[in-house]
Ligand SMILES: [Mg+2]
């Protein structure tokens with residue numbers, strides 16, 4: 001059987017099973033798009049005639065994983081801190097960038113949002129050794145290997161988050177190998193994804209109204225606000241933001257797991273009156289019975305999932321009938337692969353997904369690729385609290401136009417890290433995080449959540 005001929009722009013992998021690079025042809029000249037190095041074979045761009053296209057690559061030429069790197073980043077807000085929220089005063093932010101290096105020189109990028117030191121240990125002391133020499137495009141197989149080796153200590157929490165960051169980097173490499181963006185590999189048809197502005201923390205009411213207006217002026221059509229401060233504040237804040245952005249933009253509310261069932265029902269009726277688009281995390285993630293008791297008694301869709309891990313965790317949430325909108329996060333729940341599986345499971349139950357992101361622009365982008373391709377995907381979260389991991393980490397910053405995050409048509413995730421920014425915020429010792437409150441994670445006694453009374457208004 002004769003070898004198929006290379007066609008302009010068609011990934012070579014489709015012709016010969018090669019996993020990186022692609023040929024393009026102009027007239028009689030065919031060129032390899034970039035240097036490919038594997039099995040001691042190096043092929044440069046300059047061109048060959050169609051008759052010889054591919055002949056140097058007749059041998060099996062698979063890119064292999066060279067090493068896996070976890071880079072912990074920390075950003076400290078200037079005193080007195082970044083913002084007040086239901087957990088206290090946020091003093092800084094953390095995230096972990098994953099780099100999967102290959103012997104072709106190509107690098108896949110992912111990210112993890114969990115305890116930085118634990119993630120570093122899991123990635124560099126266990127997953128790295130497991131993955132070295134493996135074909136990075138065998139994403140599902142490698143996910144199962146990583147899950148199997150961490151199963152006994154990591155079905156939920158830092159380990160599945162860590163393997164998820166690696167999984168996302170593998171998807172980046174798979175896309176680069178195929179010459180296609182990940183959203184397209186996942187079945188998407190459009191290089192954009194609805195996005196919402198996430199911010200509107202505890203603040204003066206007038207400041208919240210002004211901030212909401214600024215988000216809309218910046219191109220967003222949906223905003224999410226943090227409540228659970230007091231019943232009077234929660235009501236006043238929602239009314240002010242609604243008045244600020246008008247009836248044609250959506251408001252989502254996050255109640256930070258601080259409500260009890262009676263309060264949740266009362267506030268749910270108020271949120272319905274205000275046309276709230278979704279009602280996020282009224283209860284702790286394990287309080288599934290409370291979610292089930294609330295759902296259906298208020299007309300606002302109930303959402304949760306940012307604190308859930310792995311497909312089985314989401315299966316429990318979904319099977320119980322706890323939520324209307326499922327909120328997985330590639331940087332927490334198990335990578336692009338697991339968000340995709342959760343989206344499929346949600347679809348089987350007639351539910352929609354809206355991914356969580358609260359860490360960096362890599363996580364937002366990874367989530368957006370899945371949501372863009374998922375028929376039941378609603379939107380992705382974009383942290384607008386002014387964070388360098390969002391605003392400066394990528395060479396090409398996130399681009400939101402008319403409520404849509406623009407996705408690149410470049411292979412893989414279509415992003416390029418700004419390594420000057422990576423180095424600026426890199427933790428000197430990846431195992432030694434400065435004490436502080438990092439929005440979701442607190443280290444050091446003085447940063448632990450203080451007793452807090454939510455004043456209700458039963459009148
Ligand atoms: Mg939330």
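The values are calculated or read from the model by the stated rules, or taken from the named source; none is laboratory data. This is a predicted model, so every value here is computed, not measured. When we count neighbours, we look across all protein chains shown, and the Cβ atoms used for this are built from the backbone with ideal geometry, even at glycine.
Scanning the range 261-286 for residues that are without any contact (Cβ under 8 Å) to a residue 24 or more places away in the chain and under 25 Å from residue 449 (Cα atoms) yields a total of 2.
Conditions tested, residue by residue: (1) in contact with a strand residue (DSSP E or B) (Cβ under 9 Å, 6 or more places away or on another chain); (2) within 22 Å of residue 177 (Cα to Cα); (3) without any contact (Cβ under 8 Å) to a residue 40 or more places away in the chain; (4) not assigned by TED's automatic domain parsing to the domain that holds residue 143.
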position: 326; (1), (2), (3), (4): yes, no, yes, yes
position: 337; (1), (2), (3), (4): no, yes, no, yes
position: 356; (1), (2), (3), (4): yes, no, no, yes
position: 378; (1), (2), (3), (4): yes, no, no, yes
position: 394; (1), (2), (3), (4): yes, yes, yes, yes
position: 407; (1), (2), (3), (4): yes, yes, no, yes
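Entry remark, the range 295-319: residues being at pLDDT 95 or above, surrounded by fewer than 22 Cβ atoms within 10 Å (Cβ to Cβ) and more than 16 Å from residue 156 (Cα to Cα) number 7 in total.
Scanning the range 394-442 for residues that are part of a loop (DSSP other than H, G, I, E, B) and touching a helix residue (DSSP H, G or I) at 6+ places or on another chain (Cβ under 6 Å) gives 398, 407, 411, 413, 415, 430, 431, 433.
Between 154, 81, which is more than 22 Å from the chain's Cα centre (by Cα) and closer than 28 Å to residue 257 by Cα? Step through it out loud before you land on a result.
On the way: 154 fails: more than 22 Å from the chain's Cα centre (by Cα).
Just one listed residue meets the conditions, 81.
Starting from residues that are free of Cβ contacts under 8 Å to residues at least 60 places away in the same chain and buried (at least 20 other Cβ atoms within 10 Å of the Cβ), keep the ones in the range 134-146 and report whichever is nearest to residue 170 (Cα to Cα). Ranking the qualifying residues of the range 134-146, first place goes to 142.
For residue 96, indicate whether it is touching a helix residue (DSSP H, G or I) at 6+ places or on another chain (Cβ under 7 Å), outside the structural domain of residue 364 (by TED's automatic domain parsing) and part of a strand (DSSP E or B).
Working: touching a helix residue (DSSP H, G or I) at 6+ places or on another chain (Cβ under 7 Å): yes; outside the structural domain of residue 364 (by TED's automatic domain parsing): yes; part of a strand (DSSP E or B): yes.
Answer is yes for this residue.
Residues that are surrounded by 21 or more Cβ atoms within 10 Å (Cβ to Cβ), within 16 Å of the ligand (Cβ to nearest atom) and touching a residue at least 12 places away in the same chain (Cβ under 8 Å) occur in the range 187-195; there is at least one. Evaluated against (1) assigned by TED's automatic domain parsing to the domain that holds residue 146; (2) surrounded by fewer than 22 Cβ atoms within 10 Å (Cβ to Cβ), residue 166 falls short on exactly one condition, (2). Out of all the residues in the range 346-359, is one or more within 16 Å of the ligand (Cβ to nearest atom) and out of contact with any helix residue (DSSP H, G or I) (no Cβ under 8 Å at 6 or more places or on another chain)? Looking for residues that are within 16 Å of the ligand (Cβ to nearest atom) and out of contact with any helix residue (DSSP H, G or I) (no Cβ under 8 Å at 6 or more places or on another chain), one finds at least one in the range 346-359, hence yes.
What about residue 110, is it under 22 Å from the mean Cα position of the chain (by Cα) and not assigned by TED's automatic domain parsing to the domain that holds residue 337? Please lay out each step first, then the result.
Numbers: under 22 Å from the mean Cα position of the chain (by Cα): yes; not assigned by TED's automatic domain parsing to the domain that holds residue 337: yes.
In short, yes.
Condition check ((1) surrounded by 16 or more Cβ atoms within 10 Å (Cβ to Cβ); (2) more than 18 Å from residue 422 (Cα to Cα)) across all residues:
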{"residue": "78", "(1), (2)": "no, yes"}
{"residue": "82", "(1), (2)": "yes, yes"}
{"residue": "110", "(1), (2)": "yes, no"}
{"residue": "120", "(1), (2)": "yes, no"}
{"residue": "129", "(1), (2)": "no, yes"}
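Just to be sure, is residue 123 part of a strand (DSSP E or B) and either in contact (Cβ under 8 Å) with a residue 24 or more places away in the chain or in contact with a helix residue (DSSP H, G or I) (Cβ under 6 Å, 6 or more places away or on another chain) (or both)?
Values: part of a strand (DSSP E or B): no; either in contact (Cβ under 8 Å) with a residue 24 or more places away in the chain or in contact with a helix residue (DSSP H, G or I) (Cβ under 6 Å, 6 or more places away or on another chain) (or both): yes.
No.
Filtering 341, 332 for residues that are under 16 Å from the mean Cα position of the chain (by Cα) and within 16 Å of the ligand (Cβ to nearest atom) leaves a single hit, 332.
A count restricted to the range 273-290 and to residues that are within 12 Å of the ligand (Cβ to nearest atom) and farther than 19 Å from residue 157 by Cα stands at 4. Restricted to helices (runs of 4 or more DSSP H) entirely inside the range 159-268, those with at least 2 residues that are within 30 Å of residue 102 (Cβ to Cβ) and under 22 Å from the mean Cα position of the chain (by Cα) are 182-185.
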